[in-house]
Amino acid sequence: MAHTHPLEIQEIIDLVVSYLRRKDLHICIRVSKSWRDKFLPHVWRVVRAGLNVDDYGVDHPIGPKRDAIDDHRHLIQDLTLVKKIGGFNKYQYPNMRRLVIDMNESKPHHSRLSMNLITKAPMLVDLTLAGGCVPLTFWIALSKHPHLKHLSLAHLTFKADDAPRLWRTCMRLESLQMEYVTMAEGGRPRNMVFDRLRQLKLGVSKYLNGSYLMDVMLQSPMIESLELHIGGYRGFRESTMNGDWVHLKKLYVYGYYENVDLAFIFKKVGKGLGDVVGMEPYRSGLDTQVSKALGSHFTALVDVDLADSMTISDSTIPDMLCLCPSLEKLQTKHVFARSVAKRGSWVCHHLRELRIQFIFDEEEQELQQVIFERLSTLVRLEKLRLDYGYFNRASRYDLLELRLDCGLGRLASLQQLACVEFCTPSYISRDPDIGMDEAEWIVENWKKLKWIKGDLNENRELQAHIWALFECHGITEDDNGFFN
């Protein structure tokens, strides 16, 4: 029976290449003619060319020479051009799937060269454009492209006449990303439905007109993933919600939002809801609209990240815990324990990763038992982060204590827990979280725990004994990417 050499099997070659750096690939193709034939397609699969800026701000050319492009252009699948298109627009690219054109400045010939590249890549699926002003002729060509599904735009300027072709292109996309895109008045996508869009990422600063972003959001009824990076923009209240996002599963919110803006994302907000003053969630006013909105609007949510949303209602997170039964991952900041206690039981029993911090007033320590009881229902939880992030050092608030006398024993039900992170800020005057009794309880009850991080105990000798116990049970404090 003839034996096949491992390097004759394409799957093994692909696996080997996944562990090699680019310079290692170049070494492989010089080993022999046979290796050259096998590894050369991987060398040319991803190409980055143009200009690279060194530490002194000087541009240096990078990438292959023109004759090499001509010989190997059929192997290129992913091409990135930085600040210079060069001779790449002269050739056909029959197998190119992804193209990135990143220009720092707008020049007339850039748009022409970019358009040439688009027309010479018939299999293009994913396009990224950054920088400059792209003319109407480019969007006419792009709107006719047969295979384009993913489009990312950044730092571009659109005239009103250019916008219709852009929006027609977007009607055929599955994912759209727009960040810091300037749209002239009259360029909004009126009377269009982006019913193929599944992923949407939008970003705008307070200095740009972002009203068109609302149109894109509201006219995309099938979105499953929505990511918003918005700083100081307050346009949500001026729009009217035409329908629900019944398929939305992932929500990421970054930046500064007023209470009424976040509530609008959840559902159309009633008139008379006041603005939120301040930048910290525990200073926000209660939002009675959000609970009604979440009940019907986000029941399918699986992945929510509000960790970088600077102004959210103190009731929003308790509402999500009580009204989003499909949640598997939730990241947020601080929430008042009393707000959690006022709400009902949690329904998010599918949670596998939770990042949160519970805040207590000085006279609310009895609520620790309530929080531990609610956490005990999350029996599928694998990663728990009780980190506090930025916390006001002058604060009179306290944090959840991982102590048996506070209710830690209730968490014996968390049999799947593998990673725990907690914090005991030195400026908060109270007993340390973990003593020897807590450490022994942890190794006895959390059998799958592999990683723990936090200030264990102020007593260095006791802390050393605790870590010795953890290490005997395979628990480490080294970050091995558990929370990536």
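Explain nothing, just the number: dipole magnitude of the stretch 20-62 about its Cα centre with +1 on each Lys and Arg Cβ and -1 on each Asp and Glu Cβ, in debye rounded to the nearest 20. Let's see the in-between values first.
Values: 9 positive and 5 negative charges, 90 e Å.
It comes to approximately 440 debye.
Too long at a 21 Å Cα-Cα cut-off: which of LYS120/LYS149; LYS83/LYS149; LYS90/LYS149; LYS249/LYS448; LYS144/LYS249?
Details: LYS120/LYS149 17 Å; LYS83/LYS149 24 Å; LYS90/LYS149 24 Å; LYS249/LYS448 28 Å; LYS144/LYS249 31 Å.
In this structure, LYS83/LYS149; LYS90/LYS149; LYS249/LYS448; LYS144/LYS249 exceed 21 Å between Cα atoms.
Please report Rg over Rh for the stretch 121-173, where both radii come from the alpha carbon positions and Rh follows the Kirkwood definition.
Values: Rg = 10.5 Å, Rh = 11.3 Å.
Ratio of gyration radius to Kirkwood radius for the stretch 121-173: 0.93.
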Debye calculation, C-alpha points only, no solvent: report log10 I(q)/I(0) for the stretch 63-199 at q = 0.17, 0.19 Å⁻¹, in the same order as the q values.
-0.90, -1.12
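Laboratory data are not the source of any read-out in this text; all were calculated from the coordinates shown. This one's a predicted model, so the numbers in the text were calculated from it and none came from an experiment. Cβ: placed from backbone, ideal geometry, glycine included. Neighbour counts: every protein chain shown.
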